[in-house]
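Each remark here refers to the structure printed beneath this line.
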Amino acid sequence: MPQSYPYTSAVELLGMIRSRQASPVEIMQQCLARMDGLEPRINAFVTRTPELAMEAARRAEKAVMDGGELGALHGLPVSVKDLIAVGYVRLTFGSRTAAENVADADAPSVERLKAAGACIIGKTTTSEFGCKAVGDSPLTGITRNPWNTAKTPGGSSCGAAASIATGVSPFGLGTDGGGSIRGPSAFTGLFGIKPQFARVPVFPAAAAPTVSHVGPMARTVRDAALLLTAIAGFDARDPFSVAEAMPDFLGACERPVKGLKVAWSPTLGYAKPAREIVAITEQAVSVFESLGCRVEQVDRVMDADPADLWTSEFYAGIGTRLKKQYRDSPELLDPALRDVLERALSQTFDAYYGNVVTRYAFRESIRRFFERYDLLMTPQTPLAAFDVGIDVPPELPDCNMVSWLYYTYPFNLTGQPAASVPVGFTVDNLPVGLQIVAKTNREVDIFSAAAAFEQARPWAQHRPPQFN
């Protein structure tokens with residue numbers, strides 16, 4: 001009976017390919033067949049690239065059989081969110097205004113995927129220009145959560161989350177400007193990490209260049225570490241690019257966590273999470289205590305919700321980039337996006353730059369907070385996945401289409417690493433995530449903590465029942 005590869009981890013697949021126990025071509029054939037079979041039910045891809053994927057798989061297989069040099073991601077299927085350029089493939093940003101746009105070159109992260117031997121299976125869906133925290137866009141319609149297809153997988157890395165959760169590929173690239181990796185990871189039971197700002201270089205510049213990150217989403221911690229290792233590192237084209245030596249992300253997964261100082265904050269001082277979410281994440285934090293971490297509850301990390309600071313920064317960038325589309329063809333844009341663009345473009349110079357200065361003060365206050373702790377843990381989202389077709393959960397009517405996330409965007413303002421770790425399920429069998437935030441440039445502490453938790457409380461065996 002032939003081997004079945006869906007839901008096999010990337011680390012396992014890589015070992016099987018290198019030892020000739022698995023064929024990259026056969027792995028890719030199964031991957032593409034699964035993608036085609038599931039796509040009508042979850043709608044995770046805006047552009048599928050089977051020819052590109054099979055060509056890469058055949059090259060990978062030939063290198064194995066010829067005894068050639070094998071890459072760090074040799075023969076592995078991977079998806080790329082449709083805010084990241086893959087050369088000569090459509091780059092639509094989830095927008096009807098860019099439906100026929102084709103990238104003329106690879107983004108740095110994609111260059112590195114290809115150099116490492118990965119096989120790109122397609123471009124995953126995103127909310128329009130990554131501007132909403134749910135999974136729909138005027139171009140692609142609704143992307144659905146595999147755990148309950150009436151629910152959203154979150155956004156804006158919705159397609160990546162849905163496809164990985166259903167075993168189409170072991171991992172994929174997402175982006176995170178305000179929570180777009182972490183929110184969908186929490187809603188679909190994945191590990192997703194927003195690395196240190198500019199750890200993964202971005203070029204050309206993102207529409208919101210001072211808060212946007214590229215990072216991995218995966219079903220296991222080590223798979224994410226493997227992917228991040230391949231795409232991270234200095235690139236002179238990104239003026240923010242981190243120039244320090246590359247940390248050992250995979251090695252960090254083997255480090256003990258005993259003695260780490262952890263702050264646990266259920267609300268950060270302003271969030272309004274559901275009781276069930278707090279109970280599940282609080283129980284997960286107790287696991288870290290049993291692993292030897294020193295945990296202290298901190299009810300107020302921030303003096304106030306920094307949502308206005310983030311909104312000013314993020315949507316000013318998006319508004320400037322989309323000014324022409326907003327003025328010439330507003331009817332093609334998501335109505336919710338039109339509303340925020342109008343407000344962003346109406347900011348005065350004094351108001352915008354006042355927020356920039358306040359952001360620097362906010363960053364300094366968080367830096368000082370982390371002088372006392374190695375890690376901060378919070379719920380990842382205030383509630384579990386909610387119904388598709390709405391932008392803001394009805395339980396949080398005072399929030400806008402991103403501020404309901406509460407816990408994510410503060411750490412886009414600071415730029416420090418933050419990840420979502422699967423820690424359980426609600427009574428309705430919807431996944432719940434715990435956010436782990438580390439000091440600047442300290443992704444290794446996140447990988448150590450997440451891997452230790454994964455060993456104590458494994459989650460990869462849990463699969464969406466109707467897609468098992």
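The values are calculated or read from the model by the stated rules, or taken from the named source; none is laboratory data. Just so we're clear, the structure is a prediction, and the values are computed from it rather than from any experiment. Cβ placement follows ideal geometry from the backbone for every residue including glycine, while neighbour counts extend to all protein chains displayed.
Here are the numbers for the structure shown:
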{"quantity": "Residue under evaluation PHE467, criteria (1) within 25 Å of ASP308 (Cβ to Cβ); (2) more than 19 Å from the chain's Cα centre (by Cα), criterion not met", "calculated": "(1)"}
{"quantity": "Pairs with Cβ under 9 Å, 6+ apart, first in segment 198-210 and touching a residue at least 24 places away in the same chain (Cβ under 8 Å) and within 17 Å of ASN355 (Cβ to Cβ), second among the basic types (Lys, Arg) and crowded, with 24+ Cβ neighbours inside 10 Å", "calculated": "none"}
{"quantity": "Single residue of ARG41, ARG34, ARG58 found to be of a type outside the set (A, V, I, L, M), buried (at least 18 other Cβ atoms within 10 Å of the Cβ) and at pLDDT 95 or above", "calculated": "ARG34"}
{"quantity": "Residue in segment 380-403 that is out of contact with any helix residue (DSSP H, G or I) (no Cβ under 6 Å at 6 or more places or on another chain), aromatic (Phe, Trp, Tyr) and not in a loop (DSSP other than H, G, I, E, B) present", "calculated": "no"}
{"quantity": "Residue within segment 172-181 that is under 13 Å from VAL78 (Cα atoms) and surrounded by fewer than 24 Cβ atoms within 10 Å (Cβ to Cβ) present", "calculated": "no"}
{"quantity": "Residue selected from segment 305-337 under the condition of a type outside the set (A, V, I, L, M, F, W, C) and assigned to a loop (DSSP other than H, G, I, E, B), by the criterion surrounded by the most Cβ atoms within 10 Å (Cβ to Cβ)", "calculated": "PRO306"}
{"quantity": "Per-region count, segment 197-219, residues more than 17 Å from ALA161 (Cβ to Cβ), in contact with a helix residue (DSSP H, G or I) (Cβ under 6 Å, 6 or more places away or on another chain) and either basic (Lys, Arg) or buried (at least 23 other Cβ atoms within 10 Å of the Cβ) (or both)", "calculated": "3"}
{"quantity": "Candidates GLY130, GLY174, GLY135, GLY167, filtered to the one that is within 14 Å of the chain's Cα centre (by Cα) and farther than 18 Å from SER109 by Cβ", "calculated": "GLY135"}
{"quantity": "Scan of segment 105-123 for residues that are out of contact with any strand residue (DSSP E or B) (no Cβ under 9 Å at 6 or more places or on another chain) and under 10 Å from ALA85 (Cα atoms), ordered by number", "calculated": "ALA105, ASP106, GLU111"}
{"quantity": "Positions within segment 413-439 being under 18 Å from the mean Cα position of the chain (by Cα) and not hydrophobic (A, V, I, L, M, F, W, C), in sequence order", "calculated": "THR414, GLY415, GLN416, PRO417, SER420, PRO422, PRO431, GLY433, GLN435"}
{"quantity": "Segment 256-302, residues that are over 21 Å from GLY424 (Cβ atoms) and acidic (Asp, Glu)", "calculated": "GLU296, ASP299"}
{"quantity": "Residue check, GLY389 in contact with an Asp or Glu (Cβ under 8 Å, 6 or more places away or on another chain) and either crowded, with 20+ Cβ neighbours inside 10 Å or closer than 30 Å to THR152 by Cα (or both)", "calculated": "yes"}
{"quantity": "Complete set of residues in segment 8-21 that are touching a residue at least 40 places away in the same chain (Cβ under 8 Å) and not basic (Lys, Arg)", "calculated": "THR8, SER9, ALA10, VAL11, LEU13, LEU14, ILE17"}
{"quantity": "Test for ALA307: is it at pLDDT below 90 and under 20 Å from GLY178 (Cβ atoms)", "calculated": "no"}
{"quantity": "Test: residue in segment 147-170 that is closer than 18 Å to THR92 by Cα, in contact (Cβ under 8 Å) with a residue 60 or more places away in the chain and surrounded by fewer than 24 Cβ atoms within 10 Å (Cβ to Cβ)", "calculated": "no"}
{"quantity": "Any helices (runs of 4 or more DSSP H) falling wholly within segment 220-304 and containing at least 2 residues that are loosely packed, with under 14 Cβ neighbours inside 10 Å and modelled with pLDDT of 95 or more", "calculated": "275-290"}
{"quantity": "Breaking point among (1) closer than 20 Å to VAL285 by Cα; (2) surrounded by 19 or more Cβ atoms within 10 Å (Cβ to Cβ); (3) not acidic (Asp, Glu), for ARG372", "calculated": "(2)"}
{"quantity": "Close pairs (9 angstrom Cβ cut-off, 6 or more residues apart or separate chains): under 25 Å from GLY259 (Cα atoms) in segment 296-310, of a type in the set (Val, Ile, Thr) and outside any helix (DSSP H, G or I) anywhere", "calculated": "GLU296/VAL262; ASP299/THR267; ARG300/THR267; VAL301/THR267; VAL301/THR378"}
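Results for (1) free of Cβ contacts under 8 Å to residues at least 24 places away in the same chain; (2) not charged (D, E, K, R); (3) not in a helix (DSSP H, G or I), shown as yes or no for each residue.
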position	(1), (2), (3)
GLY424	no, yes, yes
ASP428	no, no, yes
THR440	no, yes, yes
VAL444	no, yes, no
ALA450	no, yes, no
PHE453	no, yes, no
PRO458	yes, yes, yes
ARG463	no, no, yes
